[in-house]
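Since the structure comes first, as structure tokens, the remarks are kept for the end.
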Amino acid sequence: MIIRQISIWIVNCVLAGSVIGSASERFRDAFEPTEPSGKEAPGPAPEGMVWIPGGTFSMGIADPRGLPTGGREAMADARPVHRVKVDGFWMDTTPVTNAAFAEFVEATGYLTVAEQAVQIPGVPAEQLAGIKPGSIVFFHPSRIDNPYNYTQWWKWVEGAYWRAPEGPGSCIEDRMDYPVVHVAWADAVAYAEWAGKRLPTEAEWEFAARGGLWGKPYPWGMDLRPEGAWQGNTWQGSFPRQDSGQDGFAGLAPVAQFAPNGYGLYDMGGNVWEWCSDWYLYNHYQQRSREGQLIVNPEGPQHSFDPAEPGVAKRSTRGGSFLCTDQYCTRYMVGTRGKGEPDSGASHTGFRLVRSVGE
């Protein structure tokens, strides 16, 4: 009996390995190799930036649900996988930190959207007079009635903004090397103009995040945890009630705590979502790939539409955050897409910037 049980166990392991191998092969086969341009950096790197050579790559993601940690989402808004070419550019090695954003605010006196009077399109100002400025903060609920109802773990907190990320009484004095959060899209654009940079397009962000790899679900390769080692700040434990912090961080982490990708970029999977310049359009990849031609330096659609919220225009985000997990959201996988209202921020959203040659 024992010998028979061992034999069955060995067969099951072999079959499971075959299934996983087949899923990985099917995933990889949706992509063609990345072809970096080979162009050398046009000069010394600006401080805190690295050269991204540009080139041609397969943009998007194959259905990841058959992968071991692929999660439950088909990622239909990131398909079909299609060929795109981008020119070379400089990119920040990390998301913009609290320290860097503080320099901007001190130099300009800028007030973020979260610090200003609340405005909602179509709602008269007098009806909003009693609502104080604030932002959206994640919290750990004591119970979950619907695992897909995100309002159970997000709440509007008056007085929450980038200097007080959890609301009144919180501060960033010991978190200056953390990514700045609670920044709306407009805040990121304002900082970029001050810094002489700009937000990346989705195509630039994804090309850079892949680091020269292709057919891989993560910026670092095929496995979420190669040799058991965490490669980014994501969620471990029972979502959304407890983050066990097995990756070293229960919640947000300082920048550059994990190894960089092939281009020297940190935190391209997890920690904070990062704003891109593009409008979010759920079926944009289907529209632009119909002709089957190589797409060069795409800047995104001219308008936004999200069938989940038809009346709300959104900008694209990339990279996932510390809240991502295969229990709920696996959008830390490279090629996947996020979205957000451009006039609001949250405690898991930041940004990094790029600079074109000659700027």
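A few points about this structure:
- Which of 148, 263, 110 has the fewest Cβ neighbours within 10 Å, and the rest in rising order: 148, 110, 263
- Cα shape, the stretch 163-238, gyration tensor, a/c 1.5 rule: oblate
- Cβ charges +1 (Lys, Arg) and -1 (Asp, Glu), total dipole of the stretch 142-267, debye: 160
- For 85, 132, 39, 339, the sequence from fewest to most other C-beta atoms within 10 Å is 132, 39, 85, 339.
- Gained length - residue 229 relative to residue 69, 0.36 nm times residue gap less alpha-carbon distance: 56.2 nm
- Selection from 152, 237, 96, by position along the positive dipole direction of the chain (Cβ): 237
- Rounded if a/c under 1.5, otherwise prolate or oblate - the stretch 225-359, Cα gyration tensor axes: prolate
- Amide H contacts of residue 344 (H built 1.01 Å from N, in plane; Pro and chain starts excluded): 185 sit under 5 Å, all sequence-distant by 5 or more or on other chains.
- Cross-link table 155/197; 216/314; 85/197; 197/314; 197/339, entries beyond 25 Å C-alpha to C-alpha: 155/197; 216/314
- Only helical runs count toward this figure. For the chain, summing -39,500 (n - 2.57) over DSSP H runs of n ≥ 4 and dividing by all residues gives -5500 deg cm²/dmol at 222 nm.
- Between residue 140 and residue 30, the simple label model (points 7 Å from Cα in the Cβ direction) yields a spacing of 3.4 nm.
- Across the stretch 313-323, rounded Karplus estimates of 3J(HN,Hα) from the backbone phi angles (6.51 cos²θ - 1.76 cosθ + 1.60, θ = phi - 60°) give 6, 9, 9, 7, 10, 9, x, x, 8, 5, 8 Hz, Gly and Pro being marked x.
- Here the spin labels are modelled as points 7 Å beyond Cα on the Cα-Cβ line, and at residue 302 and residue 222 they lie 4.4 nm apart.
- Dipole orientation for the chain: of the candidates 133, 282, 298, 282 has the Cα lying most toward the positive pole (charges on Cβ; Lys, Arg +1; Asp, Glu -1).
- Anisotropy class assigned to the stretch 238-300 is prolate, per the alpha carbon gyration tensor with a/c at or over the 1.5 cut-off and a/b larger than b/c.
- Shown for 49, 333: other C-beta atoms within 10 Å of each C-beta, ranked fewest to most, produce the order 49, 333.
- Taking amide H positions as modeled 1.01 Å from N, with prolines and chain starts lacking one, the residues under 5 Å from residue 218 and 5 or more places away or on another chain are 334.
- Normalised by the number of residues in the chain, the average gap of Cα pairs under 8 Å and 6 or more apart makes the relative contact order 23 percent.
- Here the stretch 238-359 is assigned +1 on the Cβ of each Lys and Arg and -1 on the Cβ of each Asp and Glu. Its dipole about the Cα centre then comes out at about 140 debye.
- When only the Cβ of Lys, Arg, Asp and Glu is charged (+1, +1, -1, -1), the dipole of the chain relative to its Cα centre reaches about 1020 debye.
- Count Lys and Arg as plus one, Asp and Glu as minus one, and take only other residues whose Cβ is under 15 Å from that of residue 144; the net charge is then +1.
- Note on the stretch 272-359: dipole from Cβ charges, positive end direction compared against 310, 321, 346; the farthest Cα belongs to 321.
- Approximate spin-label separation residue 359-residue 174, in nm, with each point projected 7 Å along Cα-to-Cβ: 3.7
- Coupling constants for the stretch 341-351 follow from the phi torsions by the Karplus curve (6.51 cos²θ - 1.76 cosθ + 1.60, θ = phi - 60°), and in residue order they are 5, x, 9, 8, x, 7, 7, 10, 10, x, 6 Hz; glycine and proline get x.
- Scanning the chain for long hydrophobic helices, with DSSP H runs required to stretch 30 angstrom or more by C-alpha along their axis and to average at least 1.0 on the Kyte-Doolittle scale, returns nothing.
- Computed FRET value (nearest 0.05) for residue 40 with residue 214, which takes r as the C-beta separation and R₀ as 30 Å: 0.85
Rule-based calculations on the coordinates, nothing more; no lab input. Since the model is a prediction, treat every value here as computed from it, not as a measurement. For neighbour counting, all protein chains shown are included, and Cβ atoms are generated from backbone atoms with ideal geometry for every residue, glycine included.
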